[in-house]
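A.B. asks: Take a look at the following structure, please.
The values are calculated or read from the model by the stated rules, or taken from the named source; none is laboratory data. The structure displayed is predicted, hence computed values, not measured ones. Methodologically, a virtual Cβ is constructed for each residue, glycine included, from the backbone with ideal geometry; neighbour enumeration extends over all protein chains shown. Each accessible area value is taken on the protein alone, full model and side chains, heavy atoms only, with ligands, DNA and RNA left out. Shrake-Rupley method; radii C 1.70, N 1.55, O 1.52, S 1.80 Å.
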Amino acid sequence: MAWTKQMPERPVVAVAGATGAVGAEMLKVLEQRRFPASEVRALASERSAGKRLSFAGSEMVVQEMTESSFEGVDIALFSAGASVSKRFRDAVTSAGAVMIDNSSAFRMEPDVPLVVPEVNPEDAHTHDGVIANPNCSTIQMVVALAPLERLAPIRRVVVATYQAASGAGQAAMDELYEQTADFLAGRPIEPKRFAHRIAFNCIPHIDVFMADGSTKEEWKMVVETQKIMHRPDLAVAATCVRVPVLRCHSEAVTVEFAAPVDLDDVRAALAEAPGVTVLDDVAASLYPMPAMLEGTDDVYVGRIRRDSSVENGVQMWVVADQLRKGAALNAVQIAEMLLPR
């Protein structure tokens, strides 16, 4: 059953997990995009209650999140972890608010839309109180795939990700800083947030391992891509790797089409697609890189070339700031779609 409550022109917005890396970015995006909220509430755990955050030229006090926190709220942006989202789901929807959830808690529930506004905006209007934000690595890939699917049906996608430390939260970014200093100083390193040392290393292990040898992060990219693109038949193979980069995920993506496509048409489709910027001039050594794209909103695509190892194959390099488009920005864009038209 679809949600029937009318969204006010100036909704009350709550940010759950406001003191975390993504929650802080959500507040920043709301301010930068001048989201027409009549009120913004910062919610977090008991230990963060009372902290002061700057927002829109003034200060807001972080409130402890309880079941009563959502009274009078219209939109609740959640980035507090799956267990917290599950705990507060009924409190949010019973208060008449729409939960836009950044965790993995509800993504694969059949009745919960999994939305990337540039790809499947129509799905946002079929919710029953909860809309899921996809995994960060999935978001940037499908933004790049969607315009190509309109050239010819995509048969198969093979992706290797190079995922920044911030994908595991602020504590993971801090650990990268600390381990780098310890490594350069010759001090012993003790991994905490990662399975192994992250400084000067690559770890092919994100989330838990599954029975087939893949990780849950890799599984997410497969099933989420199929759901978002409405392509349960789409073959996707993913290898997800954590790299010693602070922000921005990178992906090497190979696309196999069901029919021939022209490279000029591929470049044109990407250049014209909403939310995509093409940086592809190898003569000038111009291509997307994490260090140059921190804090940006688009999905950047470069190294567009033919894959001669497979019929109708195209390769590309995709980079995006996963705290922005991969999390906070995508959630706020969904919230904007809920506003009265």
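A.B. asks: Quick one: which strands (runs of 3 or more DSSP E) lie wholly within the range 250-341 and hold at least 2 residues that are open to solvent by less than 50 Å² (accessible area, probe 1.4 Å) and farther than 22 Å from Gly167 by Cβ? Spell out how you get there, then give the answer.
C.D. replies: Details: elements: 276-278, 299-307, 313-320.
Fully inside the range 250-341 and qualifying: 299-307, 313-320.
A.B. asks: Also: So for the range 162-175 (the condition being of a type outside the set (S, T, N, Q) and under 26 Å from Pro232 (Cβ atoms)), does at least one residue qualify?
C.D. replies: Residues of the range 162-175 of a type outside the set (S, T, N, Q): 162, 164-165, 167-169, 171-175.
Next, only the ones that are under 26 Å from Pro232 (Cβ atoms) stay: none.
Scanning the range 162-175, I find no residue that is of a type outside the set (S, T, N, Q) and under 26 Å from Pro232 (Cβ atoms), so the answer is no.
A.B. asks: Sticking with this one: Of the residues that sit in the range 183-237 and are small (Gly, Ala, Ser) and in a loop (DSSP other than H, G, I, E, B), which one is least open to solvent (accessible area, probe 1.4 Å)? Steps first, please.
C.D. replies: Restricting attention to the range 183-237, the residues satisfying the condition of being small (Gly, Ala, Ser) are 185-186, 195, 199, 211, 213-214, 235, 237.
Next, from what is left, pick out any that are in a loop (DSSP other than H, G, I, E, B): 186, 195, 199, 211, 213-214.
Numbers: Gly186: 65, Ala195: 59, Ala199: 0, Ala211: 118, Gly213: 49, Ser214: 29 Å².
So, considering only residues that are small (Gly, Ala, Ser) and in a loop (DSSP other than H, G, I, E, B), the one least open to solvent (accessible area, probe 1.4 Å) is Ala199.
A.B. asks: Name the single residue, out of those in the range 41-60 being out of contact with any helix residue (DSSP H, G or I) (no Cβ under 6 Å at 6 or more places or on another chain) and buried (at least 22 other Cβ atoms within 10 Å of the Cβ), that is nearest to Gln333 (Cα to Cα). Steps first, answer last, please.
C.D. replies: Just the residues of the range 41-60 that are out of contact with any helix residue (DSSP H, G or I) (no Cβ under 6 Å at 6 or more places or on another chain), to begin with: 41-42, 44-54, 57-60.
From what's left, buried (at least 22 other Cβ atoms within 10 Å of the Cβ): 42, 44.
On the way: Ala42: 19, Ala44: 22 Å.
Going through the qualifying residues, I end up with Ala42.
A.B. asks: Can you tell me which residue within the range 69-86, out of those that are touching a helix residue (DSSP H, G or I) at 6+ places or on another chain (Cβ under 8 Å) and among the hydroxyl-bearing types (Ser, Thr, Tyr), is nearest to Phe106 (Cα to Cα)? I'd like the intermediate steps shown before the answer.
C.D. replies: Let us first name the residues in the range 69-86 that are touching a helix residue (DSSP H, G or I) at 6+ places or on another chain (Cβ under 8 Å), namely 69-70, 73, 75-80.
Remaining after also requiring among the hydroxyl-bearing types (Ser, Thr, Tyr): 69, 79.
On the way: Ser69: 21, Ser79: 13 Å.
Per the criteria, the residue is Ser79.
A.B. asks: How many residues does the range 75-90 contain that are hydrophobic (A, V, I, L, M, F, W, C), open to solvent by less than 20 Å² (accessible area, probe 1.4 Å) and more than 21 Å from Arg10 (Cα to Cα)? Reasoning before the result, please.
C.D. replies: Just the residues of the range 75-90 that are hydrophobic (A, V, I, L, M, F, W, C), to begin with: 75-78, 80, 82, 84, 88.
Those still in the list that are open to solvent by less than 20 Å² (accessible area, probe 1.4 Å) too: 75-78, 88.
After this cut, where a residue has to be more than 21 Å from Arg10 (Cα to Cα) as well, the list is 88.
Residues flagged as hydrophobic (A, V, I, L, M, F, W, C), open to solvent by less than 20 Å² (accessible area, probe 1.4 Å) and more than 21 Å from Arg10 (Cα to Cα) within the range 75-90 amount to 1.
A.B. asks: If the Cβ limit is 8 Å and pairs must be 6+ apart or interchain, which residue in the range 232-248 that is farther than 11 Å from Ile198 by Cα pairs with which residue that is charged (D, E, K, R) and surrounded by 20 or more Cβ atoms within 10 Å (Cβ to Cβ)?
C.D. replies: Ala238/Glu217; Ala238/Glu218; Thr239/Glu218; Cys240/Glu217; Cys240/Glu218; Arg247/Asp321; Cys248/Asp321
A.B. asks: I'd like to verify a number: residues in the range 14-29 that are assigned to a helix (DSSP H, G or I), among the aliphatic types (A, V, I, L, M) and touching a strand residue (DSSP E or B) at 6+ places or on another chain (Cβ under 6 Å), how many?
C.D. replies: Filtering the range 14-29 down to residues assigned to a helix (DSSP H, G or I) leaves 21-29.
In the following step, the residues that additionally are among the aliphatic types (A, V, I, L, M) were identified as 21-22, 24, 26-27, 29.
Going one step further and asking which of them are touching a strand residue (DSSP E or B) at 6+ places or on another chain (Cβ under 6 Å), we end up with 26-27.
Result for the range 14-29: 2.
A.B. asks: Another question, if that's okay. Can you spot a residue in the range 61-74 that is touching an Asp or Glu at 6+ places or on another chain (Cβ under 8 Å), open to solvent by 50 Å² or more (accessible area, probe 1.4 Å) and over 20 Å from Ile334 (Cα atoms)?
C.D. replies: So far as the range 61-74 goes, yes, one or more of its residues are touching an Asp or Glu at 6+ places or on another chain (Cβ under 8 Å), open to solvent by 50 Å² or more (accessible area, probe 1.4 Å) and over 20 Å from Ile334 (Cα atoms).
A.B. asks: Report, ordered by the first and then the second residue, all pairs with beta carbons closer than 6 Å, sequence separation of six or more or different chains, a first member in the range 69-97 that is charged (D, E, K, R), and a second member that is open to solvent by 10 Å² or more (accessible area, probe 1.4 Å) and in a strand (DSSP E or B).
C.D. replies: Pairs found: Asp74/Val12.
A.B. asks: I've got another one for you. Filter the range 9-47 for residues that are in contact with an Asp or Glu (Cβ under 6 Å, 6 or more places away or on another chain) and in contact (Cβ under 8 Å) with a residue 24 or more places away in the chain; which is farthest from Leu339 (Cα to Cα)?
C.D. replies: The initial filter retains those residues of the range 9-47 that are in contact with an Asp or Glu (Cβ under 6 Å, 6 or more places away or on another chain), namely 11-12, 46.
Filter again for in contact (Cβ under 8 Å) with a residue 24 or more places away in the chain, leaving 11-12.
Details: Pro11: 8, Val12: 12 Å.
Restricting to residues being in contact with an Asp or Glu (Cβ under 6 Å, 6 or more places away or on another chain) and in contact (Cβ under 8 Å) with a residue 24 or more places away in the chain, the top hit is Val12.
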